Amino acid sequence: MGRNALVTGGTRGIGAAIARSLKDAGHRVAVTYQSNDDAAEELRRETGILPFKWDVADYDACQAGLARVVEAMGGPVEILVNNAGITRDATLHKMKPAEWQQVIATNLTSCFNMSQLVIAAMREKGFGRIINISSINGQKGQLGQTNYAAAKAGMLGFTKALALETAARGITVNAVAPGYIATEMVAAVAPETLAKIVAQIPLGRLGQPEEIARIVQFLAADDASIITGATITANGGHYMQ
């Protein structure tokens, strides 16, 4: 049965792959984005997926944006994928307060903003899927990413706590922790650094966005109702927990 799905940061990379996968599964899909109008229009033109522009770090903007999504989709969001994320890398002694705050707000506070705004309708319906896209670096840490690692680790605690709160209402909350995936963000890494990273991955390769998308597609399905509070690692064996 098709449901209303919303993917934050859903016009490029992993987010776009998730949006496409959910649409292929028969869901009605909308995505949020913050700045790249060209990518949003390309996704809409190719797939018919509806893009909505707002800053997910801003609660009021989320509230107004979500109202537009609900109106366009003809009903409340039943599947929420918190995927939006940015990096502002620097070692801690060089990190500017704004670099810390921007990453925490976009990567972690957005999970509160979006989840809090959809949870009432999910509770009323007795069904919901919230899937948070964390990271291998939220599990093991990473040099120069105290802000990013803290935000992604925070998503894991958020996932477990919210799963406890919502299980009795038929709402599952899970996280996916990708390793290094072939996206624009990873492509920006210096080639020699990337080669060293790949050498540490037992599978010997980067993951593909579509591989993460298939995990999300399953967690969003009615058939995944037994799984909640879980973190699914998808990193080619790079980090085993």
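Quick notes
- Just so you know, the Rg over Rh for the chain is 0.95, from Cα atoms, with Rh as the Kirkwood radius.
- Local electrostatic count at Ala61 - Lys and Arg +1, Asp and Glu -1, tallied over other residues with Cβ under 12 Å: -1
- Taking a sphere under 15 Å around the Cβ of Arg205 and counting the other residues whose Cβ falls inside, with K and R at +1 and D and E at -1, yields a net charge of -1.
- Between segment 84-121 and segment 1-30, the Cα center-to-center distance that results, in Å: 22 Å
- Protection proxy ranking of 55-61, 145-151, by the mean of other Cβ atoms within 10 Å over each peptide's residues and highest first, is 145-151, 55-61.
- In terms of its Cα atoms, segment 1-133 spans 51, 34, 22 Å along the principal axes, sorted from long to short.
- Each peptide in 63-74, 203-214, 176-187 receives the mean, over its residues, of other Cβ atoms within 10 Å, and ordering these scores from highest gives 176-187, 203-214, 63-74.
- The value of relative contact order for segment 4-231, using C-alpha pairs under 8 Å at least six residues apart, is 20 percent.
- Taking only Cα atoms of segment 139-187, radius of gyration then Dmax in Å: 13.8, 42
- Protection proxy ranking, peptides 95-104, 216-225, 9-18, average beta carbon neighbours within 10 Å, highest first: 9-18, 216-225, 95-104
- Computed [θ] at 222 nm, helices only, for the chain once each DSSP H run of length n ≥ 4 contributes -39500 (n - 2.57): -14500 deg cm²/dmol
- Within the shell of other residues whose beta carbon sits under 14 angstrom from the beta carbon of Ala72, the net charge comes to +3, with Lys and Arg scored +1 and Asp and Glu -1.
- Inter-label distance, Gln208 to Ala187: 1.6 nm, where each label sits 7 Å from its Cα along the C-beta direction.
- Once the Cβ-Cβ distance of Arg169 and Gln102 is raised to the sixth power relative to R0 = 41 Å, the FRET efficiency obtained is 0.80.
Just so you know, all these numbers are worked out from the coordinates, no wet-lab data involved. Keep in mind that this is a model prediction, so the values were computed, not measured. Glycine gets a Cβ as well: all are built from the backbone with ideal geometry, and neighbour counts include every protein chain shown.
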